[in-house]
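Beneath this line is the structure, given in structure tokens, with notes to follow.
The values are calculated or read from the model by the stated rules, or taken from the named source; none is laboratory data. The shown structure was predicted, so the numbers you read here are calculated from the model rather than taken from an experiment. Here the Cβ positions follow ideal geometry from the backbone for every residue, glycine too, while neighbour counts run over all protein chains shown.
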Amino acid sequence: MLKQNDFRFLIIVTLLMMTFVINPVTVGASNDDSTDDSISVSSDGEEEKVVNNTNESKNKDKVSKSFEGSGKKIPFRDKTIEQDEDLKFLKPSKIIGSDDRVKINNTTDFPYSAVVYLSVEYPNSSKTYGRTGFLVNDDTVVTAGHCIFNSSRGGWATNVTASPGRNGTSTPYNTYQNKTLYSVKGWTEKGKPEYDYGAIKLDGSPGNITGWFGYRTTNGDLNPTGQTATISGYPGDKTLGTMWKDSDNITDALEYLLLYQIDTYDGQSGAPVYRNYSDTGQTSIAIHTGSLASGPYNRGTRITLDVFDNIDNWKNK
């Protein structure tokens, strides 16, 4: 039987191998380790290195509070969006043991109103793909990097339709299109799993009505290992556009990733991994991205100082 330290070593080796399986580096691309993987890049071609306060103690967490919205409802508008899941280039999310997911029937209740269904199109594919994201202010949706930048499908997504609080064919807060997409070089150039995150700037401001999630680092006394977290999103094995959630403990907190046995499925990539904190409300501590190639774990990109600062920068553009 493997000891815990041995198993953690296998996990780390697996993650390193996944770097090349998930999003291979283009032949001829530079592997210069001096490149800052956290440099922000956008679909508009902008690059920006966001510098956090390196003198700040790592034991002091950065926080952004949630907002529960105005509570105003927009008349329902039905819209059918085709979904064709094909995530062979990724290790998909998994159901671990029995399926404990629960359907969200009233998606206009906060925080579900701030969970966003994403319909994504890529330049090298004629299909439309279902993904998940979550609002962090009035017009910014955070999601997984692979949801909006896929090297095997031509790079940046060409079109993203965002439907906050979608419930089947009903879009209670209407739909919005992407203006600008953001990620970081560690994902777009190297496909590293620990940099699999990004954001979408919308052509409207639904967050003022739906509310939005807080987000925070967990470097100090709030180490999430052993704490209960929830993932709410849009799995591809359920009725199209229906929201489901599950909660379980965080199994391990690695430097850049959180591991957990929360049940998820393809299509939930980009969903918030969140807890209800007394000072910040419903708050994301990671962005769900998939599962480990071995072992009964799903995984999410942990909100580190760099991730926090990039999200802050993107939402303020």
Number of the exception - residue 152 against (1) crowded, with 17+ Cβ neighbours inside 10 Å; (2) assigned to a helix (DSSP H, G or I); (3) of a type in the set (Gly, Ala, Ser): (1)
When residues of segment 251-300 are limited to those that are of a type in the set (Gly, Ala, Ser) and more than 17 Å from residue 134 (Cβ to Cβ), the one nearest to the chain's Cα centre (by Cα): 291
Candidates 218, 242, filtered to the one that is assigned to a loop (DSSP other than H, G, I, E, B), buried (at least 21 other Cβ atoms within 10 Å of the Cβ), in contact with a Pro (Cβ under 9 Å, 6 or more places away or on another chain) and of a type in the set (Val, Ile, Thr): 218
Residue 93 at pLDDT below 95, closer than 15 Å to residue 268 by Cβ, surrounded by 21 or more Cβ atoms within 10 Å (Cβ to Cβ) and among the polar types (S, T, N, Q): yes
Filter result for the condition that a residue is of a type outside the set (S, T, N, Q) and either surrounded by fewer than 24 Cβ atoms within 10 Å (Cβ to Cβ) or within 23 Å of residue 299 (Cα to Cα) (or both), over 191, 165: 191
Pick from segment 194-207, criterion closer than 13 Å to residue 144 by Cβ and acidic (Asp, Glu), ranking: surrounded by the most Cβ atoms within 10 Å (Cβ to Cβ): 196
Which numbered condition residue 228 fails, given (1) surrounded by 17 or more Cβ atoms within 10 Å (Cβ to Cβ); (2) modelled with pLDDT of 95 or more; (3) over 21 Å from residue 130 (Cα atoms): (1)
Residue match in segment 254-276 (condition: of a type in the set (Gly, Ala, Ser), surrounded by fewer than 24 Cβ atoms within 10 Å (Cβ to Cβ), in contact with a strand residue (DSSP E or B) (Cβ under 7 Å, 6 or more places away or on another chain) and at pLDDT 95 or above): no
Filter result (among the basic types (Lys, Arg) and modelled with pLDDT under 95) within segment 137-189: 153
Positions within segment 298-317 being crowded, with 20+ Cβ neighbours inside 10 Å and not in a helix (DSSP H, G or I), in sequence order: 298, 299, 300, 301, 302, 303, 304
Selection count, segment 111-145, where residues are in contact with a strand residue (DSSP E or B) (Cβ under 6 Å, 6 or more places away or on another chain) and part of a loop (DSSP other than H, G, I, E, B): 6
Only listed residue being at pLDDT 95 or above and touching a helix residue (DSSP H, G or I) at 6+ places or on another chain (Cβ under 6 Å), chosen from 212, 244: 212
Scope segment 177-187; condition hydroxyl-bearing (Ser, Thr, Tyr) and crowded, with 22+ Cβ neighbours inside 10 Å; matching residues: 182, 183
